[in-house]
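The values are calculated or read from the model by the stated rules, or taken from the named source; none is laboratory data. Treat the numbers as computed from the prediction; the structure is a model and nothing was measured. FYI the Cβ positions are ideal-geometry reconstructions off the backbone, even for glycines, and counts take in every protein chain you see. Just the protein is used for accessible areas: all its heavy atoms, side chains included, with ligands, DNA and RNA removed. Shrake-Rupley method; radii C 1.70, N 1.55, O 1.52, S 1.80 Å.
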Amino acid sequence: MENYGYTKTENNPNQQNGIPYRSEKKIPAAILGILVGWLALNKFYLGYTKEGIIQIILNIVTLGAASIIPFIEGILYLFMSDKQFDDTYVYGRKGWL
């Protein structure tokens, strides 16, 4: 399984103490989910192609009502800690809420 250049944050001896952990994908994924979630760009950005296609189909079938899902996901992304976001969506590969 690819992790796109990320390394697991737990037991990482190279991470220096005192430097806060920062996620590189959290803010862009949250903004994409909030602003253009109806296009499922947040899913594609995180590498979830299958979930992105499902989201687009749901939006077409429900005439856009399903676009509330990525909007809520984007807000949840913002309120998660960076480490929790990476462990859940980058390493854990959790596709949905």
Identity of the residue in the range 47-61, in a helix (DSSP H, G or I) and touching a residue at least 40 places away in the same chain (Cβ under 8 Å), that ends up least open to solvent (accessible area, probe 1.4 Å): Glu51
Residue in the range 30-38 that is open to solvent by 60 Å² or more (accessible area, probe 1.4 Å) and at pLDDT below 95 present: yes
Residues (touching a residue at least 12 places away in the same chain (Cβ under 8 Å), open to solvent by 60 Å² or more (accessible area, probe 1.4 Å) and not aliphatic (A, V, I, L, M)) located in the range 62-80: Phe71
Among residues of the range 23-75, those that are more than 14 Å from Lys94 (Cα to Cα) and acidic (Asp, Glu), counted: 1
Considering residues of the range 82-97 that are without any contact (Cβ under 8 Å) to a residue 12 or more places away in the chain and not in a helix (DSSP H, G or I) only, the residue surrounded by the fewest Cβ atoms within 10 Å (Cβ to Cβ): Gly92
Qualifying residue in the range 79-97 (condition: of a type in the set (Gly, Ala, Ser) and over 27 Å from Ile19 (Cβ atoms)): yes
